[in-house]
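Structure first, then comments.
The values are calculated or read from the model by the stated rules, or taken from the named source; none is laboratory data. Remember, it's a predicted structure, so these values are computed and weren't measured experimentally. Cβ sites come from the backbone with ideal geometry, for glycine too, and all protein chains shown count toward neighbours.
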Amino acid sequence: MTLTIADATVRGGGGRRDGELIMSWTLDAFLRRLDRCDHSPALDELTAMLEDLDVEPEEVRPYVRFDWHAYRRNIMHTGPLYEALVLCWRPGQRTPVHDHGGSTCAMRVLKGVATETAYAPADDGTLIETSRRDLPAGSVSGAADGFVHEVVNDQPPGFDLVTLDVHAPPLVAANTYARQRVAERPRAPQLA
Ligand SMILES: [Fe+2]
């Protein structure tokens, strides 16, 4: 796809990254660019686009809707090859442990802190925790179709989480995993 100056603005006075101009996309231009894609964007494309997105939480306000019982997925925009959602989480709310069923998924944290835990399947059918990290506002995380993870708002009361997620193609066949299959990662012994 050809980049036009109407679609993007140069960020930071025209800095460079790997020899290229750093462009920042408005939310509208970001969605139009996805609409014009003639292929389902690959994971590295999606994460790069989300990293270069210039967006404030206020811009997605119409889609910021919470549920008191579980995190809520609010569809912002759909195209034949992708869907963009605003996900809203109260403290303590989490996804199931899941994969992405043939879709790639990229997430940008708009507000709050997302805690993402990744898992790998073991020979006995359990899932082993392989990593856990906190993603503050502005962070981008990408998940390939077979990547197994969960995301939680692990912050104290009063600290909501809002993320922008893009699935390509739209997520229709993700698998979820029972928490009984998840084995706790061995912890380092606590020092007294
Ligand atoms: Fe996911």
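When the residues of region 96-135 are filtered to those that are buried (at least 19 other Cβ atoms within 10 Å of the Cβ) and not in a strand (DSSP E or B), the one that is farthest from the ligand (Cβ to nearest atom) is 112.
A count restricted to region 93-137 and to residues that are on the phi > 0 side of the Ramachandran plot and modelled with pLDDT of 95 or more stands at 1. Within region 147-175, the set of residues being more than 12 Å from the ligand (Cβ to nearest atom), of a type in the set (A, V, I, L, M) and buried (at least 21 other Cβ atoms within 10 Å of the Cβ) comprises 161, 162, 164, 168.
Condition first: away from the ligand (no atom under 11 Å from the Cβ) and part of a strand (DSSP E or B). Now tell me which residues in region 136-146 satisfy that. It would help to see each step written out before you state the result.
Step one: list which residues in region 136-146 are away from the ligand (no atom under 11 Å from the Cβ), which gives 136-140, 146.
Answer for region 136-146, where residues must be away from the ligand (no atom under 11 Å from the Cβ) and part of a strand (DSSP E or B): 136, 140.
Could you tell me whether residue 122 is in contact (Cβ under 8 Å) with a residue 12 or more places away in the chain, within 25 Å of residue 41 (Cα to Cα) and touching a strand residue (DSSP E or B) at 6+ places or on another chain (Cβ under 7 Å)?
Considered against the rule, which asks whether it is in contact (Cβ under 8 Å) with a residue 12 or more places away in the chain, within 25 Å of residue 41 (Cα to Cα) and touching a strand residue (DSSP E or B) at 6+ places or on another chain (Cβ under 7 Å), residue 122 comes out as no.
Determine whether region 73-92 contains at least one residue that is at pLDDT below 95, within 11 Å of the ligand (Cβ to nearest atom) and not polar (S, T, N, Q). No; the residues of region 73-92 include none that is at pLDDT below 95, within 11 Å of the ligand (Cβ to nearest atom) and not polar (S, T, N, Q). Of all residues in region 51-72, exactly one satisfies the criterion of being within 16 Å of the ligand (Cβ to nearest atom) and touching a residue at least 60 places away in the same chain (Cβ under 8 Å), namely 71.
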